[in-house]
1. May I ask you to list the residues in the stretch 206-231 that are of a type in the set (Gly, Ala, Ser) and either at negative phi or surrounded by fewer than 24 Cβ atoms within 10 Å (Cβ to Cβ) (or both)?
2. When you scan the stretch 417-518 for helices (runs of 4 or more DSSP H) that lie fully inside it, which ones turn up with 2 or more residues that are among the hydroxyl-bearing types (Ser, Thr, Tyr) and closer than 26 Å to Pro357 by Cβ?
3. Restrict the check to the stretch 259-277 and report whether at least one residue is surrounded by fewer than 17 Cβ atoms within 10 Å (Cβ to Cβ), closer than 14 Å to Gly178 by Cα and not assigned by TED's automatic domain parsing to the domain that holds Tyr318.
4. Which of the following residues is at positive phi and away from the ligand (no atom under 16 Å from the Cβ): Gly366, Gly312?
5. Any residue at all in the stretch 338-358 that is more than 16 Å from the ligand (Cβ to nearest atom), surrounded by fewer than 17 Cβ atoms within 10 Å (Cβ to Cβ) and modelled with pLDDT of 95 or more?
6. Please tell me if Val286 is away from the ligand (no atom under 16 Å from the Cβ) and touching a residue at least 24 places away in the same chain (Cβ under 8 Å).
7. Which of the following residues is modelled with pLDDT of 95 or more, open to solvent by 20 Å² or more (accessible area, probe 1.4 Å) and touching a Ser or Thr at 6+ places or on another chain (Cβ under 8 Å): His493, His502?
8. Return yes or no: is Ile472 closer than 12 Å to Leu130 by Cα, touching a residue at least 12 places away in the same chain (Cβ under 8 Å), of a type in the set (A, V, I, L, M) and open to solvent by less than 10 Å² (accessible area, probe 1.4 Å)?
Amino acid sequence: MPTRPSWSVFSPTWTCWPICASWLATWRRAELAASRPLTARRSGQHSLPVPENRKTRPLVVVLATLVFWSVAAGSAVADAAPRYRLLLQITVDQLRGDVADTFRNVPERGGFAWLKRHGIHYASAHYTHLNNATAVGHASLATGAWPSTHGIVGNEWYDRGLGHTVYNSEDPSAPVFGDPDKGRSPRMLRVPTLTDAIAAAGHQRGHYYSISLKDRGAIFVAGRSGKALWYETGGHRFTSSTFYFAALPGWLSDLPLPFRLTPLERYTAKADIWLHHAVQALLDRVPFGASGVTDVLHVSYSALDYVGHRTGALSRDYLATVAQLDNLLRDLLRRVDRIVGLDRTLVVLSADHGAPPAVDELKKQGKPAGVWPQPVDTWLRDQLDERYGAASAARFVTAVVMPFVYLDDGAISRSGRSRTSVENELVRQISGLDGVFRVRAPGRLCVSEPADPIDRAVCRNFDAERSGDLTIVLERGWQVLYGSKARIMRANHGSVWPYDSHVPLFVATGRGQAQRVERPVDVVAVVPTVAELLGVKPPSGAVHAQLPEVRNLRRMPVATSP
Ligand SMILES: [Zn+2]
């Protein structure tokens, strides 16, 4: 491991106190001598008395200087010797919570084995919001808040003001390098992230990066203080937006990716090799661990999500992708160990959501399953018209962006009916369709937190401005599949059921010891927990109680230098 200059070596505490103390002693002796009447030193000579203020001012100045140095040194030491030099946050898109256990027998040298040996494994970590989608999960992991607080209620939602569907991280004022018709930033996020909190505590002196194949996989964890990098399909390179950089760094725009993939191959495990290649380049370029404050590197691996959609969770391809990931994680951990030291790195691994097996596979196994095809908007209206004929309430629907139904206020007022009666009628009609478990009107349901866990999940996903007037909860096994991508989509997540909500959660460090926690925990609790471990104030949305087991990590000794 390379030797790095440690702030503590140059700490003003150690340099100032001996020097300043001897300076003070010398000065004080001189001052006392000077303040004695000259007559006492040179008999017979008259001297004027030294004015009182002139006698005391130098002492006050020196004492004030010492106090300043002392305070400055104290804060410098606090900043200069962070317990962890790096927060390595790893998110695996669509990694189910039970897969970490499937990998109980992986080689001892793999990434998951390291996490199990060196950290706390929360074996029953769940999201408690309804819409288990990529943007929602990443935003929750980033902020420690539910969508009702952070505002990212889906990968997309209908914007009532704009009159069309919007993407979670779109921002026309922040063009993407290489694709300026697109704009991307975290402006839709309503609260700060853990990265923002760490950057604030470090006075922005550290390095804060978040990288993924997907823009939404990188943007939310980066928050407003970090830099988000993601893969740009058109340019076959990693890119960012003007929100993060005035111009794309040369090393990034020139970074060669090792191979090209056909559009279909992009939805295979190979895509993660691109990402890993870019992560290696990032580790070579950015001096993580050397800033004197806690740095952040977030890597979100996306290929498993592509494979999961194509073949279903727990398929042979899905598990092969996890095996590849295990190797990539091992390599990432080794590199971080060489550069920063895993003893001084806090590693957090989780996922944005889980996933179900393919619909056809579930049916083959005789398990409940079904499909709502995309585009759901027209499909749902057609279903209502077909089933209820002239009595169909579809005319009151403005848009359907699952799991939300948005009502047409104009149509309601023209009908002369009350909004509540229209809502109730739509709830009744949609509830009669195949695959519907429950339909709720969250504006009324969520006035106080419901006792029922699924209703609670509806409310934790409710943002009055962005969520629909109605929320649809599909039956277990029922999935919304894209008709236009039917060839490559056999499974989809986004439900409230455990196969989608259950994700792995590891909190580990080089000197950590294995601990397995079976108690169910809410994934968002990891954010205030990590903030506490790093000694930073949690981001404002992270109001969940901390995970107490992590105190064991805090008690473990860490090396004084990497
Ligand atoms: Zn997905």
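1. Narrowing the stretch 206-231 to residues of a type in the set (Gly, Ala, Ser): 206, 210, 212, 217-218, 222-223, 225-226, 228.
Scanning the stretch 206-231 gives Gly206, Ser210, Ser212, Gly217, Ala218, Ala222, Ser225, Gly226, Ala228.
2. Numbers: elements: 419-431, 442-445, 453-460, 498-501.
Result: 498-501.
3. no
4. Testing whether each residue is at positive phi and away from the ligand (no atom under 16 Å from the Cβ) leaves just Gly366.
5. The first filter runs over the stretch 338-358 and keeps only residues more than 16 Å from the ligand (Cβ to nearest atom), leaving 338-349.
After this cut, where a residue has to be surrounded by fewer than 17 Cβ atoms within 10 Å (Cβ to Cβ) as well, the list is 338.
Filter again for modelled with pLDDT of 95 or more, leaving 338.
For the stretch 338-358, residues more than 16 Å from the ligand (Cβ to nearest atom), surrounded by fewer than 17 Cβ atoms within 10 Å (Cβ to Cβ) and modelled with pLDDT of 95 or more: present.
6. Values: away from the ligand (no atom under 16 Å from the Cβ): yes; touching a residue at least 24 places away in the same chain (Cβ under 8 Å): yes.
It is true that Val286 is away from the ligand (no atom under 16 Å from the Cβ) and touching a residue at least 24 places away in the same chain (Cβ under 8 Å).
7. On the way: His493 fails: touching a Ser or Thr at 6+ places or on another chain (Cβ under 8 Å).
Just a single option satisfies the conditions, and that option is His502.
8. On the way: closer than 12 Å to Leu130 by Cα: yes; touching a residue at least 12 places away in the same chain (Cβ under 8 Å): yes; of a type in the set (A, V, I, L, M): yes; open to solvent by less than 10 Å² (accessible area, probe 1.4 Å): yes.
So Ile472 passes the test.
The values are calculated or read from the model by the stated rules, or taken from the named source; none is laboratory data. As the structure is a prediction and not an experimental result, all values here were calculated from the model. Counting neighbours? That spans all protein chains shown, and the Cβs are built from the backbone with ideal geometry, glycine included. All accessible areas refer to the heavy atoms of the entire protein, side chains included, with ligands and DNA or RNA removed. Shrake-Rupley method; radii C 1.70, N 1.55, O 1.52, S 1.80 Å.
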